[in-house]
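Just so it is clear, none of the values below were taken in a lab; they were calculated from the coordinates. Not measured: the values here are computed from a predicted model. Every residue, glycine among them, receives a Cβ derived from its backbone with ideal geometry; neighbour counts consider all protein chains shown.
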Amino acid sequence: MTAVMREPVSLPTRQRPRPPLAGAARSAASVIPGAARTAGPDIPGAAGVSLRDLLDPPRTPGRVIAAFPAALYLEMRTAAEPRVLAVVCSDAVRLPNSVVIAAGSRDRPLRSIHEGEEAWAGDGLVEVGALRVRVRRWWDPSPTLGPVALARLTHGVRELEAALADARFGLAGHPDPHLLAGRCADGDLAGAVEAAERIVGLGPGLTPSGDDVLAALLVALRALGGSVQHGRTALWLADWLGAAVTADAETRTTTLAATLLHCAADGQASAEVIAVLRGIAGLEPLAPALRRLLAAGHTSGADLAFGLLAGCRAVLTLSLTALKGHRASA
């Protein structure tokens with residue numbers, strides 16, 4: 001059994017013989033000229049546990065939907081989420097649906113892969129062209145915070161507000177992200193869903209700004225709602241809001257963003273988002289974690305940070321309101 005780890009570790013590359021294919025996988029591979037001949041040696045990787053149902057079963061075909069020096073995004077031909085699998089270098093942003101390889105982007109391990117190429121995932125392997133990544137470790141993309149005092153959360157929110165004062169948001173000037181944040185803090189599910197549905201898929205890029213905001217908001221509600229006293233309303237809000245924004249996400253946003261919304265609804269986030277949540281909870285320094293998050297993408301880091309702030313404020317407000325009600329009835 002492979003181990004579940006919080007952080008991927010670098011492992012030496014091992015060359016292993018290619019395992020025989022079976023059933024549909026053998027038939028499918030036989031129509032790809034040179035599929036078995038061009039594969040290179042195995043590169044070890046660490047996969048997010050959200051990918052177990054994709055990587056443990058027999059191989060599934062897919063294709064490369066985006067290729068960058070530090071990351072590949074593969075859309076797999078499966079109806080279940082996550083439908084998009086990311087193969088990323090050790091120094092790239094580690095999304096919850098990532099397989100992290102033991103090589104940095106300076107080594108250019110992904111240079112031969114291009115958009116549109118065929119890909120395979122399953123039997124513990126990810127294969128694209130000559131690239132063969134074998135999963136050796138698993139990492140958990142769900143934040144584990146432990147108990148968080150409301151006073152600590154209050155301090156974390158203030159730090160986050162100060163750090164984001166001059167941040168550049170992708171939806172700057174758009175009213176709905178702020179409306180969504182306010183509705184969540186009020187515990188107004190209908191109002192929150194209405195505002196959220198207007199920003200699903202809003203903005204350019206592989207992960208539109210509106211989806212980044214929503215994903216971080218959902219993770220903050222779930223992670224902190226389960227860690228603070230009287231956080232049940234935040235968890236309830238995360239359940240219903242997550243169900244609403246993922247119901248038809250595949251038709252309203254990019255394939256990658258839809259997968260990340262599904263991950264967020266399950267409480268799963270990138271390593272960079274998890275580090276900020278741990279900083280807010282007082283488990284590690286917040287400032288360096290925020291710098292790493294804000295450096296992600298053109299505006300993705302700032303959009304994620306905005307969503308985290310909205311979620312933290314909502315958890316704090318809802319929990320304080322519940323605490324007052326508990327004291328009044330005591």
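Taking Cβ atoms as reference points and 13 Å as the exclusive limit, the residues near residue 218 contribute a net charge of -3, counting Lys and Arg as +1 and Asp and Glu as -1.
Taking the DSSP bridge list for the chain and keeping only pairs wholly inside it, about 70 percent are antiparallel. Sites count as exposed loop sites when they are trypsin sites (Lys or Arg not before Pro), lie in a DSSP loop, and have at most 12 other Cβ atoms within 10 angstrom; the longest stretch of the chain without one is 169-330.
Distance distribution P(r), the range 150-329, all Cα-Cα pairs, bin width 5 angstrom from 0: 1, 10, 19, 23, 21, 15, 7, 2, 1, 0 percent. If R0 is 41 Å, the Cβ-Cβ spacing of residue 251 and residue 140 corresponds to a FRET efficiency of close to 0.85. Among 240, 139, 120, whose mean-square fluctuation peaks in a Gaussian network model of the chain (Cα, cutoff 10 Å)? Among 240, 139, 120, the largest mean-square fluctuation in the Gaussian network model of the chain belongs to 240. The Cβ shell under 12 Å around residue 196 holds other residues with a net charge of -2, Lys and Arg each +1, Asp and Glu each -1. On full extension, the segment bounded by residue 117 and residue 77 gains 13.0 nm, given 0.36 nm per residue less the C-alpha separation. For the range 151-186 versus the range 246-312, the inter-centroid distance based on Cα atoms is 13 Å.
Computing volume of the Cα convex hull per residue in Å³ directly from the structure and comparing it against (1) 165; (2) 137; (3) 154 singles out (2).
The loop-placed GluC sites (Glu not before Pro) in the range 71-151, going by DSSP, that have at most 12 neighbouring Cβ atoms within 10 Å of their Cβ come out as 115.
Please get the size of the charge dipole for the range 91-169, origin at its Cα centre, with Cβ charges of +1 on Lys and Arg and -1 on Asp and Glu, quoted in debye to the nearest 20.
My answer is approximately 300 debye.
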